[in-house]
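Novice: Could you have a look at this structure, given as structure tokens, before my questions?
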Amino acid sequence: MWRTLPVPARNTTESEAPDPRKGIEAPNRRAPNPSPSPVAGLAPEQAHDWLRLQRRMALHPEIIRDPLLEGVPPATLLDRIEPQPPLIRCAKGSQEGLVASQAERLASIGARVLPLPDPAYPPALAELPDAPAVLVIRGDPAALCRPSVAIVGARAATLAARATAQRLARELAQAGFGVVSGLARGIDGEAHRGALAAHGCTVGVLACGLEQIYPPEHRGLADRMTDRGAVVSELPVGAPPRRSHFPLRNRIISGLCLGVVVVEARRRSGSLITVRHALAQGREVFVVPGAIDGPFAEGGNQLLRDGARPIRCARDIIEDLGLADTLGQGPAASRLSSGTTQDFEGGAGKGGGAEGVEARVLAVLRAGPATRDEMLIQADLDARRLATVLLELQLDGRVVEERDGRFHACWSA
């Protein structure tokens, strides 16, 4: 059964899971991005004690959450708690110098420090028993508090899955929702790009220090995100992107959101760790169904068998979240897909109508991926005509060919 999936020990059980809607208002499409809050959080030079606490306790937030919420100052807490090995080692006697250096580095990239008791700290995240004691953020802290949906999936994703992730993010942003992911290659990056394409708000959660972007090729993407959202980390300056940091990062991704969407995940995908955190936190889990004849979507399809909600478009997500009353207002609603047929047929041919040979090829691919031989038979075409049509559809961005020789139809832009 769905709720019997193993849950990370650091999180709550289902009965204890906090309500992710606490402190979250319905999205407002008239103001798609929250108003900047220039005074939110602390300037790094004002937060030395918090940065010291972050260096010591970033990997053990559950130990210090309650005392911090009760008002115990970070300096007092550091004196009381049992010392933990720092994430970043330095020569003896230079700890304070390192903290000052970290503060200067954060200030140089325009970062703010959000301690757990700060009024700007995201309420949904603060409810978690292992809420980060300190967040460092580039961008607008208010982006962490808006109603959001996480989109996660494979790094080595198929082209069709990448297109789907970008489309879902674009539709969610058009409907006024934030999009949260991990800035990784593959699905994560496409989710961020989709939200930005709609001039929406997107948040990236790092598994390393805020001053470094991993992977490095996403540095430009991260800079764009800080203009309309945020990039955030719970780890101190200098913390590398270790394998052990990514599962911890994933709990923040799900914790910031109302629900998590999985777009293509293999059986042992790290996205499934995000799903387990989401279940423990009481968030909804959605899956884009994938092909059953390959390994790319095994993990996601198993989630569907376990009881996750299948979705085709952002409208499905919003309705399943119980926020359908936010649809049907303004121009954004008309851009939300209402189903598979509309997405494939709308704009498939010249002038918006699918005609002739293109329509026959798209009709075949609408039923699922197909090889050239399968399309020759099912669309009743000769090889030369099929090759010409496939080339035109690929140049238009409506069909992609995978490495296994199969073709997939892309959702319309």
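Novice: Has region 59-71 got any residue that is assigned to a loop (DSSP other than H, G, I, E, B), buried (at least 19 other Cβ atoms within 10 Å of the Cβ), of a type in the set (Gly, Ala, Ser) and modelled with pLDDT of 90 or more? Give the steps one after another, and end with the answer.
Specialist: Going residue by residue through region 59-71, those that are assigned to a loop (DSSP other than H, G, I, E, B) are 59-60, 70-71.
Imposing the further condition that a residue be buried (at least 19 other Cβ atoms within 10 Å of the Cβ) reduces the set to none.
There is no residue in region 59-71 that is assigned to a loop (DSSP other than H, G, I, E, B), buried (at least 19 other Cβ atoms within 10 Å of the Cβ), of a type in the set (Gly, Ala, Ser) and modelled with pLDDT of 90 or more.
Novice: Which residue out of ALA160, ALA169, ALA184 is without any contact (Cβ under 8 Å) to a residue 40 or more places away in the chain, within 30 Å of ARG406 (Cβ to Cβ) and touching a strand residue (DSSP E or B) at 6+ places or on another chain (Cβ under 8 Å)?
Specialist: One residue alone meets the criteria, ALA169.
Novice: Something else now. In region 161-171, is there at least one residue being part of a loop (DSSP other than H, G, I, E, B), assigned by TED's automatic domain parsing to the domain that holds PRO310, at pLDDT below 95 and hydrophobic (A, V, I, L, M, F, W, C)?
Specialist: Here is the first cut: in region 161-171, the residues part of a loop (DSSP other than H, G, I, E, B) are none.
No; the residues of region 161-171 include none that is part of a loop (DSSP other than H, G, I, E, B), assigned by TED's automatic domain parsing to the domain that holds PRO310, at pLDDT below 95 and hydrophobic (A, V, I, L, M, F, W, C).
Novice: Are there any pairs, at least 6 apart or on different chains, whose C-beta atoms fall under 8 Å, with the first in region 306-331 and farther than 20 Å from ALA291 by Cα and assigned by TED's automatic domain parsing to the domain that holds ALA173 and the second basic (Lys, Arg) and modelled with pLDDT of 90 or more, and if so, which?
Specialist: ASP320/ARG309; LEU327/ARG315
Novice: Determine whether VAL136 is under 30 Å from ASP404 (Cβ atoms) and among the β-branched types (Val, Ile, Thr).
Specialist: Taking the combined requirement at face value, the residue does not satisfy it.
Novice: A further question follows. If you go through region 276-317, how many residues are at pLDDT 90 or above, among the hydrophobic types (A, V, I, L, M, F, W, C) and more than 19 Å from the chain's Cα centre (by Cα)?
Specialist: 1
Novice: Still on this structure, please answer the following. For region 351-402, which residues satisfy the criterion of being assigned to a helix (DSSP H, G or I) and polar (S, T, N, Q)?
Specialist: Answer for region 351-402, where residues must be assigned to a helix (DSSP H, G or I) and polar (S, T, N, Q): GLN378, THR388, GLN394.
Novice: Let me ask something else. Among (1) modelled with pLDDT under 80; (2) closer than 19 Å to GLN166 by Cα, there is one condition ARG398 misses while meeting the rest; what is its number?
Specialist: Here ARG398 meets the rest and fails (1).
Novice: Return a yes/no flag: does region 405-412 have any residue that is touching a strand residue (DSSP E or B) at 6+ places or on another chain (Cβ under 7 Å), on the phi < 0 side of the Ramachandran plot, modelled with pLDDT under 80 and buried (at least 19 other Cβ atoms within 10 Å of the Cβ).
Specialist: Pass one, region 405-412, residues touching a strand residue (DSSP E or B) at 6+ places or on another chain (Cβ under 7 Å): 406-410.
Now restrict to residues that are on the phi < 0 side of the Ramachandran plot: 406-410.
Subset that is modelled with pLDDT under 80: 410.
If we keep only those that are buried (at least 19 other Cβ atoms within 10 Å of the Cβ) as well, we get 410.
Yes, that holds for at least one residue.
The values are calculated or read from the model by the stated rules, or taken from the named source; none is laboratory data. Keep in mind the model is a prediction, meaning the values are calculated, not measured. Using ideal geometry, Cβ is built from the backbone for each residue, glycine included, and neighbour counts are taken over all protein chains shown.
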